[in-house]
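Working notes, structure below.
The values are calculated or read from the model by the stated rules, or taken from the named source; none is laboratory data. Only a predicted model underlies this, so the values are computations on that prediction, with no experimental measurement involved. With ideal geometry, Cβ positions are generated from the backbone for all residues, glycine too; neighbour counts draw on all protein chains shown. Just the protein is used for accessible areas: all its heavy atoms, side chains included, with ligands, DNA and RNA removed. Shrake-Rupley method; radii C 1.70, N 1.55, O 1.52, S 1.80 Å.
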Amino acid sequence: QLRSLSGLWVFHSIAGAHRGALELAQRFHGLTASQPDAMDRLVGEQMIGVSHFYLGDLARARRHFERVLADYVAPDRWSHFIRFHLHPGTRAGGFLSGALWLQGFPDQAMRASERSVAEARATNHALTLTYALDQASVIALLVGDLAAAERHSTTLLDESARRSLTRWRSHALFFQAVLGI
């Protein structure tokens with residue numbers, strides 16, 4: 001049931017139906033109270049945070065992202081990668097950095113994105129790392145830290161090419177083109 005709700009949430013988010021996505025995220029989170037895996041609750045928290053982010057409620061989004069990061073404990077098994085595709089703390093950290101930048105805190109945004117990349121490296125999970133590098137490249141460009149943008153986008157290009165992750169490779173090439181300009 002959680003996996004189905006997660007899939008529907010992704011569909012609604014991509015379709016721009018963010019109010020519907022928020023309702024699905026809240027349903028997901030409500031179901032996690034009866035689940036033995038504490039990671040499920042954190043996945044629900046980050047889903048709610050992402051939905052609030054897209055609805056423009058950055059303060060509420062930040063609270064959910066910060067809760068995920070504060071409550072995260074490395075699990076003894078990694079089944080949530082299979083069930084939900086990305087490490088929830090890394091996704092929360094990436095969105096937190098975006099929320100911080102939009103709220104006018106560029107230094108905090110950079111620190112959050114750098115933490116997200118470091119955490120993603122520790123997971124040794126390709127999709128999580130490429131996601132974190134993508135988000136860190138965006139934030140570095142927005143903040144104007146061209147050296148960090150170059151470093152993250154080059155690593156993103158290398159990782160995505162090595163693992164044949166074409167979506168992330170196209171993002172890296174875009175960042176490289178922006179840096180070239």
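Given a 1.4 Å probe and every protein chain left where it sits, what share in percent of the accessible area of the chain is carbon and sulfur? Mind showing how you got there, number by number?
Values: 4960 of 8910 Å².
The computed percentage sits at 56.
I need the calculated FRET efficiency for the pair A17 and L146, taking r as the beta carbon distance and R₀ as 25 Å, to the nearest 0.05.
Details: r = 36 Å, r/R0 = 1.44.
Given R0 = 25 Å and the Cβ-Cβ separation, E is 0.10.
Once the Cα atoms are used to define both axes, helix 106-123 deviates from the longest principal axis of the chain by about 70 degrees. When the Gaussian network model of the chain links Cα atoms closer than 10 Å, the mean-square fluctuations of A149, A15, A99 top out at A15. Taking the Cα centre of each part, how many Å lie between the range 15-61 and the range 141-181? Centre-to-centre (Cα) distance: 29 Å.
For the chain, divide the Cα radius of gyration by the Kirkwood radius and give the resulting Rg/Rh value with two decimals.
Details: Rg = 15.8 Å, Rh = 16.4 Å.
Value, to two decimals: 0.96.
For the options L22, L100, L165, a Gaussian network treatment of the chain with springs between C-alpha atoms closer than 10 Å singles out L165 as fluctuating the most.
Seen against the Cα atoms of the chain and their longest principal axis, helix 2-15 is set at about 50 degrees. Among I139, I14, I48, the residue with the largest mean-square fluctuation in a Gaussian network model of the chain, with springs joining Cα atoms closer than 10 Å, is I14. Accessible surface area normalised per residue over the chain is 49 Å², counting heavy atoms of protein chains with a 1.4 Å rolling probe. In a DSSP loop and with at most 12 other Cβ atoms within 10 Å, there are no chymotrypsin sites (Phe, Trp or Tyr not before Pro) in the range 45-74.
For the chain, the longest principal axis of the Cα atoms and the long axis of helix 38-55 meet at an angle of about 60 degrees.
Backbone geometry of the range 165-180 corresponds, through the Karplus equation with coefficients 6.51, -1.76 and 1.60 at θ = phi - 60°, to 3J(HN,Hα) couplings of 9, 5, 4, 6, 5, 5, 5, 4, 5, 4, 4, 4, 5, 4, 5, x Hz, x marking Gly and Pro.
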